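Scroll down for the structure; my scribbles are underneath it.
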Amino acid sequence: MLLQKERELVVEYGRKMSAGRLCTGTSGNISVYVPEQGLMAISPSGIGYFDTRPEDVVVTDLEANIADGTRKPSSEWALHTLFYKNKPHIRAVVHTHSMYCTTFAVLGRPLRAVHYAIADAGAAEVPCAPYYPFGTLELAEAAVETAGDSDAVLLGNHGLVACGKDLAGAYGLALNMEYVAELQYRALCIGTPNVLGKEAMEDVMERFKSYGQPEGRKTGY
């Protein structure tokens, strides 16, 4: 089976995403990209995460030509392929409909530096792209353009996209952005959040460069 390891990872993290309530039902999608082969493994359209098997995961190139699999790929395949084309450092994309990130997406408002964990996105702010219908090229193009240097972006009236150097990193970023979004929401319910300034965030991002074990990846802060 082509890209067996990557397909198994899509199944594993799809179940984590569903159990962690980052998505409901069959919403959201996940992919892993293998640049050496020019192929990505992406979750199938309309199949529940706990019903998805590795053989249900679809393997395509970045033009959506199916290389292996009998299922229809996620309707958001363009959202994934455009991020891989425009962010060469990433190897995985996680798209969620998590509650607090989607709340700010509905408002059309960015996630701001109410907590230093936002620096996990590589930026001091996670912007919000304008609304376009799901599964469209217009949505994918707007998401990539709006994201800029950030590895996360909100999709207007829709959800969140998080990118990473591997699937664990992309999934961890999605969790961190939901944490920041909940903090921002709760702080706004009480008053005006204290947003960290440019100098503070530059210091955080510099510190992140040496955080964690040299041979490992970040698992917390």
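The values are calculated or read from the model by the stated rules, or taken from the named source; none is laboratory data. Please read all numbers here as calculations on a predicted model, not as lab measurements. Positions of Cβ are generated from backbone atoms using ideal geometry, with glycine treated the same way; all protein chains shown enter the neighbour counts. Remember, those area values only see protein heavy atoms, side chains included, never the ligands or the DNA or RNA. Shrake-Rupley method; radii C 1.70, N 1.55, O 1.52, S 1.80 Å.
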Inset, instruction - Test each condition in (1) β-branched (Val, Ile, Thr); (2) open to solvent by 40 Å² or more (accessible area, probe 1.4 Å); (3) touching a helix residue (DSSP H, G or I) at 6+ places or on another chain (Cβ under 8 Å) for Val195 and report the one that comes out false. - result: (3)
Inset, instruction - Inspect the range 167-176 for any residue being more than 21 Å from the chain's Cα centre (by Cα) and touching a residue at least 60 places away in the same chain (Cβ under 8 Å) and give the result as yes or no. - result: no
Legend entry - Residues satisfying the stated conditions in the range 156-185, i.e. open to solvent by 60 Å² or more (accessible area, probe 1.4 Å), touching a Phe, Trp or Tyr at 6+ places or on another chain (Cβ under 9 Å) and more than 13 Å from Ala113 (Cα to Cα): Asn157
Inset, instruction - Identify the single condition in (1) closer than 21 Å to Trp77 by Cα; (2) open to solvent by less than 70 Å² (accessible area, probe 1.4 Å); (3) out of contact with any His (no Cβ under 8 Å at 6 or more places or on another chain) that Ala117 does not satisfy, given that it satisfies every other one. - result: (1)
Inset, instruction - Would you check if Ser43 is among the polar types (S, T, N, Q) and modelled with pLDDT under 95? - result: no
Legend entry - Among residues of the range 57-103, those that are part of a strand (DSSP E or B), among the aliphatic types (A, V, I, L, M) and surrounded by fewer than 16 Cβ atoms within 10 Å (Cβ to Cβ), counted: 2
Legend entry - Val204 being in a helix (DSSP H, G or I) and β-branched (Val, Ile, Thr): yes
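Which residue, of Glu182, Glu145, Glu178, Glu141, is modelled with pLDDT of 95 or more, among the acidic types (Asp, Glu), outside any loop (DSSP other than H, G, I, E, B) and closer than 21 Å to Met40 by Cα?
Values: Glu182 fails: closer than 21 Å to Met40 by Cα; Glu145 fails: closer than 21 Å to Met40 by Cα; Glu178 fails: closer than 21 Å to Met40 by Cα.
Only one candidate qualifies: Glu141.
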Inset, instruction - Starting from the range 102-115, keep only residues that are in contact (Cβ under 8 Å) with a residue 40 or more places away in the chain and among the hydrophobic types (A, V, I, L, M, F, W, C), then list their pairs with residues that are open to solvent by 50 Å² or more (accessible area, probe 1.4 Å) and part of a helix (DSSP H, G or I) whose Cβ atoms are within a distance under 6 Å, requiring at least 6 positions of separation or different chains. - result: Val114/Leu183
Legend entry - Pairs where the first residue, in the range 65-92, is within 14 Å of Val34 (Cα to Cα) and polar (S, T, N, Q) and the second is open to solvent by 10 Å² or more (accessible area, probe 1.4 Å) and modelled with pLDDT of 95 or more, C-beta under 6 Å, 6+ apart: Thr81/Leu62
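Could you check the range 28-56 and list, in sequence order, the residues that are in contact (Cβ under 8 Å) with a residue 12 or more places away in the chain, in a loop (DSSP other than H, G, I, E, B) and surrounded by fewer than 16 Cβ atoms within 10 Å (Cβ to Cβ)?
Once the filter is applied, which keeps residues that are in contact (Cβ under 8 Å) with a residue 12 or more places away in the chain, in a loop (DSSP other than H, G, I, E, B) and surrounded by fewer than 16 Cβ atoms within 10 Å (Cβ to Cβ), the range 28-56 yields Pro35, Gln37, Gly38, Gly46, Gly48, Phe50, Arg53.
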